[in-house]
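The values are calculated or read from the model by the stated rules, or taken from the named source; none is laboratory data. Bear in mind the structure is a predicted one, so any value in this text is a computation, not a measurement. All Cβ positions, glycine included, derive from the backbone under ideal geometry; neighbour counts span all protein chains shown.
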Amino acid sequence: MTHSFEEVMDRGETGPIMSEHKFDLLVGSLSKKLTKEFRVKMNPEEIVTSDDGLVDAAFEASMQLFLDLGVYCLNTSRVMKFSEAELREALKATPPTVTFGEGKEQASMVPRRVEDRTPPFVASSAVGTPVPSSLYVKVVQSYAQEPILDSISGPSLLELSGRKVRSGTPLEVEAAIYNIRAMKEAAKLAGRPGLSGHNFVACAEKTAAIFAAMRPEFGVRPTDGLLVAALGEMKVDYERLNKVPFLQETGYHIGALYGPLMGGYAGGPAETAIINLAHHFLGLLVYRAQWHDNFPLNILKTINTTPEMLWLISIVSQALSRNTDIIKANSPFCAAGPCTEMIAWELAAHSIAATVSGSDLNPAAPCRNKYPERCSGMEARIHAEVGHAVARAGLRRSEANSMVKLLLRKYQGHVDDAPLGKKFSECYDLETLKPSQEYLTIEEKLMADLERMGLTF
């Protein structure tokens, strides 16, 4: 890029001053205006759309949104603005590949296209599900032992040595170091010592704690990486920006993380789609991201497996796949918990919509990502197996749409009272780390249903 990271920071110090509230209102008004102007609208009959014109219009609207809106810096109350030339240059400079892991565990993310037969890269994790330290290594190992998964990240910690981990405290530093060591231990126990962490610190939020853990003696390798999150809608702060120059200088992979909220300032599914797309431009120009991870959420239901959210995910993925070489993944946030038929249906619907639209995968967040110990490698396995089957079949978008609509009929009426399922210790044998027969039967039933729809496993 012609402009340096220092020049980006200058814009955070010299850009137009604006209150955060005014910026939020501008997000809503611009997104509403541009979706009308570019005629971006959800068709409820096409959860996975085959309308290339609609997809490309969403992309053009998102570029205009980014150029008109800019990126808000919370620390200075200033807006960072970029030119169209800078944006187009950044889009041309995206990396052709991002490689994680070592030896036989080496795996690469590449730009995937709509209806791509290339298997999706699966960056698996328990996202932010809280887990006690006594189970932490076992939970991570349940992911690492699945050969279909290409990289791992840990859950969050309920406690360390019986003490609650609070952000900004010395115990957070200890938790970050523990996180690194636990992930590497889990990979070794799973017989995959070369497996990388695409987000190697999931137990710390503050930059100081993360930097303290990112040392070779704790197990960090050059093929690991970190996700840097955008805040709110199109906002950044110094806490997150502090990570960027360090990651650039050390060579660790930089991923950017976006979770726009449909139903908030972003508006409805169409408006949130173009805002979600615009976040990728923030990631490129501000965070210098090599790859991007999405978890857009319905603000009221805090999941993304409802019809409008799956439409949004499909539109965003297709727009990026058709118009850029951006490497991107999607994370499913499900209503149901582990070892339930409902979560299997949710994972399958999300995986089909994302994979056929050209996205990689980053599963999974069961139970709205908030109930302790309700996560396991089985959710990631199911999500990945469906994604691989979609790519292997060369599924068309129209076929994917039919499948997703059939799956939605099975669970969308139960989103508000979704079953919590079982804790990790209830659906895995803690000695052998094998999933329960009950969970395996649920997986087998899902695969049989999907085979009747046309997929093979």
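Consider residue 225 carefully, then state whether it is crowded, with 20+ Cβ neighbours inside 10 Å, small (Gly, Ala, Ser) and at pLDDT 95 or above. So residue 225 passes the test. Against the numbered list (1) assigned by TED's automatic domain parsing to the domain that holds residue 241; (2) of a type in the set (D, E, K, R); (3) touching a Phe, Trp or Tyr at 6+ places or on another chain (Cβ under 8 Å), residue 104 comes up short only at (3).
Restricted to the stretch 344-356, and to residues that are in contact with a Pro (Cβ under 8 Å, 6 or more places away or on another chain) and more than 16 Å from residue 125 (Cβ to Cβ), which residue is surrounded by the fewest Cβ atoms within 10 Å (Cβ to Cβ)? Spell out how you get there, then give the answer.
Here is the first cut: in the stretch 344-356, the residues in contact with a Pro (Cβ under 8 Å, 6 or more places away or on another chain) are 346-347, 350-351, 354-355.
Of the ones still in play, those that are also more than 16 Å from residue 125 (Cβ to Cβ) are 346, 355.
Working: 346: 33, 355: 29.
Filtering the stretch 344-356 for residues that are in contact with a Pro (Cβ under 8 Å, 6 or more places away or on another chain) and more than 16 Å from residue 125 (Cβ to Cβ), the one surrounded by the fewest Cβ atoms within 10 Å (Cβ to Cβ) comes out as 355.
Just give me the residues in the stretch 190-212 being buried (at least 17 other Cβ atoms within 10 Å of the Cβ), small (Gly, Ala, Ser) and within 27 Å of residue 330 (Cβ to Cβ), in sequence order. Within the stretch 190-212, 190, 196, 197, 202, 204 meet the criteria.
Determine, yes or no, whether residue 305 is closer than 23 Å to residue 369 by Cβ and in contact (Cβ under 8 Å) with a residue 24 or more places away in the chain. It is true that residue 305 is closer than 23 Å to residue 369 by Cβ and in contact (Cβ under 8 Å) with a residue 24 or more places away in the chain. The set of residues from the stretch 248-284 being over 19 Å from the mean Cα position of the chain (by Cα) and part of a helix (DSSP H, G or I) comprises 248, 249, 250, 270, 271.
Yes/no per residue for (1) within 26 Å of the chain's Cα centre (by Cα); (2) outside the structural domain of residue 397 (by TED's automatic domain parsing); (3) not hydrophobic (A, V, I, L, M, F, W, C):
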| residue | (1), (2), (3) |
| --- | --- |
| 17 | no, yes, no |
| 29 | no, yes, yes |
| 35 | yes, yes, yes |
| 38 | no, yes, no |
| 42 | yes, yes, no |
| 51 | yes, yes, yes |
| 72 | yes, yes, yes |
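Taking the stretch 201-244 as the range and being part of a helix (DSSP H, G or I) and among the basic types (Lys, Arg) as the test, the residues that pass are 240, 243.
Taking the stretch 128-152, which residues are surrounded by fewer than 24 Cβ atoms within 10 Å (Cβ to Cβ) and not in a helix (DSSP H, G or I)? If the condition is that a residue be surrounded by fewer than 24 Cβ atoms within 10 Å (Cβ to Cβ) and not in a helix (DSSP H, G or I), then 128, 130, 132, 145, 146, 147, 148 are the ones that fit.
Whenever a residue of the stretch 311-339 is β-branched (Val, Ile, Thr), its partners that are surrounded by fewer than 24 Cβ atoms within 10 Å (Cβ to Cβ) and in a helix (DSSP H, G or I), lying with C-beta atoms within less than 6 angstrom and at least six residues away or across chains, give the pairs 324/91.
Is it true that some residue in the stretch 167-189 is assigned by TED's automatic domain parsing to the domain that holds residue 149, of a type in the set (A, V, I, L, M, F, W, C) and part of a loop (DSSP other than H, G, I, E, B)?
So far as the stretch 167-189 goes, no, none of its residues is assigned by TED's automatic domain parsing to the domain that holds residue 149, of a type in the set (A, V, I, L, M, F, W, C) and part of a loop (DSSP other than H, G, I, E, B).
Look through 79, 55, 27 and report the one residue that is touching a Pro at 6+ places or on another chain (Cβ under 8 Å) and not in a loop (DSSP other than H, G, I, E, B).
79
Within the stretch 344-358, can one find any residue that is in a loop (DSSP other than H, G, I, E, B) and hydrophobic (A, V, I, L, M, F, W, C)? No, every residue in the stretch 344-358 fails to be in a loop (DSSP other than H, G, I, E, B) and hydrophobic (A, V, I, L, M, F, W, C).
For the stretch 65-86, which residues satisfy the criterion of being over 18 Å from residue 5 (Cα atoms) and crowded, with 18+ Cβ neighbours inside 10 Å? Listed by number, the residues that qualify are 65, 66, 69. Of everything listed in (1) at pLDDT 95 or above; (2) farther than 23 Å from residue 15 by Cα; (3) among the small types (Gly, Ala, Ser); (4) in contact with a Ser or Thr (Cβ under 8 Å, 6 or more places away or on another chain), the single unmet condition for residue 278 is (2). Within the stretch 285-295, the set of residues being not acidic (Asp, Glu) and not in a helix (DSSP H, G or I) comprises 286, 287, 288, 289, 290, 291, 292, 294, 295. Taken across the stretch 109-125, residues that are in the same structural domain as residue 204 (by TED's automatic domain parsing), out of contact with any strand residue (DSSP E or B) (no Cβ under 8 Å at 6 or more places or on another chain), within 17 Å of residue 374 (Cβ to Cβ) and touching a residue at least 12 places away in the same chain (Cβ under 8 Å) do not occur at all.
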